[in-house]
Each structure stands twice: as C-alpha cells, then as structure tokens.
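**Q** Please see the structure below; I have some questions.
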Amino acid sequence: MLSAMAQIINLNKARKKKAREAASAQADVNRVKFGRTKEQKALEAAQAEEAQRKLDQLRREPGEPAGPVED
C-alpha cells in the first residue's frame with residue numbers, strides 16, 4: 001500500500017539541485033566558448049614578460065639625469 005504513494009521530496013533541495021545542474025551546464029558551455037588553450041596562455045605570458053622587460057630597460061634609477069646628457 002505504501003509503494004503506490006508518491007515520493008516525498010523537499011522542494012527547497014530539489015530547486016537548489018536543479019539550479020546547481022543548470023549552473024554546471026552553463027559553466028561547461030562557457031569553458032568551451034571562452035577557454036584558452038595552453039599555447040595561448042603561454043604566448044600571453046611570454047608577451048607580458050617581454051613588455052615588462054622593455055619597461056624595466058626604460059626605468060630610471062635614482063640620481064640619473066632626467067634627459068639626455070649634454071657635453
């Protein structure tokens with residue numbers, strides 16, 4: 001007689017579970033759409049390192065003249 005009755009569920013838990021599943025599905029789509037490959041990440045890191053190196057070359061040390069030195 002009890003087997004014919006419907007399963008009792010907590011609606012809050014069911015709602016949260018459905019929301020988590022939807023968020024997980026959206027995250028999968030976003031990973032494919034916006035994700036970067038390992039090569040892209042390495043290239044971007046190399047470019048940032050090169051830009052930083054160029055900036056460091058132009059940095060003035062304390063006590064250096066501001067402009068070109070005139071003889």
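**Q** Mind ordering 54-63, 9-18 by average Cβ neighbours within 10 Å, highest first? Walk me through the numbers on the way to the answer.
**A** Working: 54-63: 6.8, 9-18: 9.5.
My ranking of the peptides, most packed first, is 9-18, 54-63.
**Q** Show that you can apply the helix-only estimate: for the chain, add -39,500 (n - 2.57) for every DSSP H stretch of four or more residues, divide by all residues, and state [θ] at 222 nm to the nearest 500. Before the final figure, lay out the partial values.
**A** Numbers: 2 runs with 45 residues, N = 71.
Mean residue ellipticity at 222 nm (helix-derived): -22000 deg cm²/dmol.
**Q** With Cα Rg over 2.2 N^0.38 Å as the read-out, I listed (i) 2.60; (ii) 1.44; (iii) 2.66; which label goes with the value calculated from this structure?
**A** (iii)
**Q** Give the distance, in whole Å, between the Cα centre of region 7-29 and the Cα centre of region 39-71.
**A** 50 Å
Bear in mind that the values in this text are calculations on the coordinates, not laboratory data. Since we're looking at a predicted model, the values are computed, not measured. Because the Cβ atoms are built from the backbone with ideal geometry, glycine has one as well, and the counts that use them run over all protein chains shown.
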